[in-house]
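Notes for the one structure printed next.
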Amino acid sequence: MRNIKTKPRFSAFTLVELLVVIAIIGVLVALLLPAIQAAREAARRAQCTNNLKQLGLSVLNYESSRKELPAGHRMTKIGNNIDSLGSWVTQVLPFLEESALFSRIDQDQLFFDQTIDLGKGEFEKTHHIFLPSMACPSDPAGSGATLGLVNDHYGARGNYVANAGWSDPGPGFENCGIWMNDPNWEQTGPNGAGHPSCRNGVQYPGTGRPIKSALAGYGPFRVNRGLDLKEVVDGTSNTVGFSEVLKIAGEDMRGCLHWGGGSMYQHSEAPNSSYQDLSRFCAVDATDPFAPCDDSAEGWTGAHKLAARSAHSGGVNVVMLDGSTHFVSDDVDSLAHGQDKPLVWQALSTYSGGELVSSVDAL
């Protein structure tokens with residue numbers, strides 16, 4: 001009897017089985033994607049924190065060399081015009097490993113008029129050059145290089161800003177902030193009488209004498225005056241040096257590297273506040289949920305008031321004057337609109353306010 005060999009029979013997936021496998025893969029992907037995104041943001045936030053850490057160390061090296069912190073912005077008055085000599089970023093360039101750029105800048109000439117020879121007949125304005133170390137990778141706007149300039153006059157931008165103190169918050173005091181047409185470091189107005197839209201009460205450091213100022217509390221970075229660390233009576237570990245702002249696509253001055261109005265911020269509002277910033281140019285309006293802003297271009301008085309803002313979930317990074325970095329929650333106590341109660345976020349902005357802060361790590 002002859003054996004008849006039969007071909008083996010293979011069973012295939014049924015349609016139901018195939019759909020079950022696809023559903024399982026979909027569930028696994030849905031579970032894994034948030035974890036992957038969270039890991040990526042954690043890495044970006046760590047890089048952003050490291051950038052701030054290096055910035056803080058660079059400024060401390062500047063202080064060690066010059067015996068004072070850099071001025072937040074340097075201005076000079078020529079006739080009736082107030083012209084810029086550059087911001088704190090401009091001054092610390094050698095300590096940010098940008099000595100080649102700094103060596104080509106004439107510190108006694110108007111900053112925005114200067115250009116650099118790039119070779120082969122190409123020239124670039126000094127304030128148009130993007131600094132990678134000043135960009136936070138978490139910012140959805142991307143790097144300053146890909147985002148482009150604010151405009152030809154105000155130039156390149158970044159994410160890290162210097163603490164100027166705090167000013168009257170909320171409705172009715174929108175023009176209280178850093179007055180960039182006021183060369184007086186006390187911010188007392190062109191004639192020293194004070195800015196009419198701001199309240200009295202800021203204490204003059206060293207004397208306690210109350211003066212009328214655009215600022216209600218002085219931060220470590222001021223217009224036309226550096227700060228000796230011996231003046232920081234609140235303690236360098238209790239005084240914020242730098243924090244973050246968001247770059248906004250278009251003609252928006254926030255984060256402008258070499259102009260004090262864009263490179264200094266205030267503690268008038270809580271981090272990532274829903275209350276609008278005040279700036280010379282805004283690419284969004286006061287209803288923007290991401291980074292609201294009130295454009296002061298029309299009838300400009302020179303006032304700037306920026307809140308700390310970031311793309312990190314729940315808060316912003318800060319670096320203190322002792323070089324330590326911390327993450328501060330959006331829920332940190334802020335100055336309630338129209339009240340005079342000094343709270344934690346405000347207290348961290350002043351260097352000689354006499355406030356007591358138990359622990360920055362607890363914020």
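Bear in mind these aren't lab numbers, they're just calculated from the coordinates by the rules spelled out. Since we're looking at a predicted model, the values are computed, not measured. Heads up, the Cβs are rebuilt from the backbone with ideal geometry, glycines too, and the neighbour counts pull from every protein chain shown.
If the limit is 26 Å between Cα atoms, which of Lys67/Lys125; Lys125/Lys230; Lys53/Lys305; Lys212/Lys247; Lys77/Lys230; Lys67/Lys247 go over it? Let's see the in-between values first.
On the way: Lys67/Lys125 30 Å; Lys125/Lys230 37 Å; Lys53/Lys305 24 Å; Lys212/Lys247 32 Å; Lys77/Lys230 29 Å; Lys67/Lys247 32 Å.
Beyond 26 Å: Lys67/Lys125; Lys125/Lys230; Lys212/Lys247; Lys77/Lys230; Lys67/Lys247.
Quick one: net charge around Phe111, please, counting Lys, Arg +1 and Asp, Glu -1 for every other residue with C-beta under 11 Å from its C-beta. Don't skip to the answer; put the middle values down first.
Working: positive: Arg74, Lys125; negative: Asp83, Asp106, Asp108, Asp113.
Cβ neighbours under 11 Å give a net charge of -2.
What nm value, rounded to one decimal, do you get for the distance between Glu124 and Val233 when each label is placed 7 Å out toward the C-beta?
That separation, rounded to one decimal, is 4.6 nm.
Below 13 angstrom from the Cβ of Asp288, what's the summed charge of the other residues (Lys, Arg +1; Asp, Glu -1)? List each step's numbers first, then the result.
Numbers: positive: Arg254, Arg309; negative: Asp252, Asp277, Asp285, Asp294, Asp295.
Every neighbour counted, the sum reads -3.
Quick check on the stretch 45-187: take the gyration tensor over C-alpha atoms, sort the square-rooted eigenvalues as a ≥ b ≥ c, and tell me if it's rounded (a/c under 1.5), prolate or oblate.
Details: a/c = 1.35, a/b = 1.11, b/c = 1.21.
Taking the square roots of the gyration eigenvalues as a ≥ b ≥ c, the stretch 45-187 is rounded.
Each residue of the stretch 63-79 in turn: what ³J(HN,Hα) in whole Hz from Karplus with 6.51, -1.76, 1.60 and θ = phi - 60°, glycine and Pro shown as x?
5, 5, 7, 9, 6, 6, 6, x, 5, x, 7, 10, 10, 9, 9, 10, x
Would you mind computing, in nm to one decimal, how far apart the modelled labels at Asp108 and Ser274 are, each placed 7 Å from Cα along Cα→Cβ?
5.4 nm
Hey, what number do you get for the chain at 222 nm if only DSSP H runs of n ≥ 4 count, each worth -39500 (n - 2.57), divided across all residues, to the nearest 500? Could the numbers behind the result be given before it?
Details: 6 runs with 73 residues, N = 363.
Result for the chain: -6500 deg cm²/dmol, rounded to the nearest 500.
Would you pull out the residues with amide H under 5 Å of Val161's amide H, same chain only if 5 or more places away, H placed 1.01 Å from N?
Long-range HN contacts for Val161: Ser243, Glu244, Val245.
What does the extension gain come out to for Ile25 and Thr287, with contour length at 0.36 nm per residue minus their alpha carbon separation?
On the way: separation 262, 0.36 × 262 = 94.32 nm, distance 4.10 nm.
Stretched out fully, the Ile25 to Thr287 stretch lengthens by 90.2 nm.
Going toward the positive end of the dipole of the chain, with +1 on Lys and Arg Cβ and -1 on Asp and Glu Cβ, which of Leu69, Val161, Leu96 do you reach last?
Leu96
Please state the relative contact order of the stretch 40-362 as a whole percent: Cα pairs under 8 Å, 6+ residues apart?
With pairs under 8 Å counted, the relative contact order is 21 percent.
With a 4.7 Å Cβ cut-off, tell me which Cys residues in the chain come up empty for a partner.
That list is Cys256.
Using a ≥ b ≥ c from the Cα gyration tensor of the stretch 257-309 (square roots of the eigenvalues), is it rounded, prolate or oblate, where a/c under 1.5 gives rounded and otherwise the larger of a/b and b/c decides, a/b for prolate?
Values: a/c = 1.79, a/b = 1.17, b/c = 1.53.
Oblate, because a/c is 1.5 or more while a/b does not exceed b/c.
Using a 10 Å cut-off on Cβ atoms, rank the peptides 16-29, 125-138 from the highest mean neighbour count down.
Values: 16-29: 10.2, 125-138: 19.8.
Those peptides, ordered most packed to least, come out 125-138, 16-29.
Compute, for the chain, the length of the dipole vector about the Cα centre, with Cβ point charges of +1 (Lys, Arg) and -1 (Asp, Glu) only. Units Debye, rounded to 20. Could you put the intermediate results ahead of the total?
Working: 28 positive and 39 negative charges, 316 e Å.
The dipole of the chain has a size of about 1520 debye.
So what is the diffusion coefficient of the chain in µm² per second by Stokes-Einstein at 37 °C and 0.692 mPa s, using a Kirkwood Rh over Cα pairs?
On the way: Rh = 21.9 Å.
Value of D from the Cα-based Kirkwood radius: 150 µm²/s.
What is the packing order of peptides 67-78, 173-184, taking the mean over residues of other C-beta atoms within 10 Å and listing the highest first? Don't jump to the answer; show the numbers that get you there.
Details: 67-78: 19.4, 173-184: 22.3.
Going by the mean number of other Cβ atoms within 10 Å, highest first, we get 173-184, 67-78.
May I ask for the net charge around Gln266, where only other residues with Cβ less than 13 Å from the Cβ of Gln266 are counted and Lys, Arg are +1 while Asp, Glu are -1?
Numbers: positive: Arg222, Arg254, Lys305, Arg309; negative: Asp168, Glu174, Glu269, Asp277.
In short, 0.
Arranged from highest to lowest average of other beta-carbon atoms within 10 Å per residue, in what order do the peptides 41-49, 315-323 appear?
Numbers: 41-49: 15.8, 315-323: 22.3.
Per-residue mean Cβ counts within 10 Å order the peptides as 315-323, 41-49.
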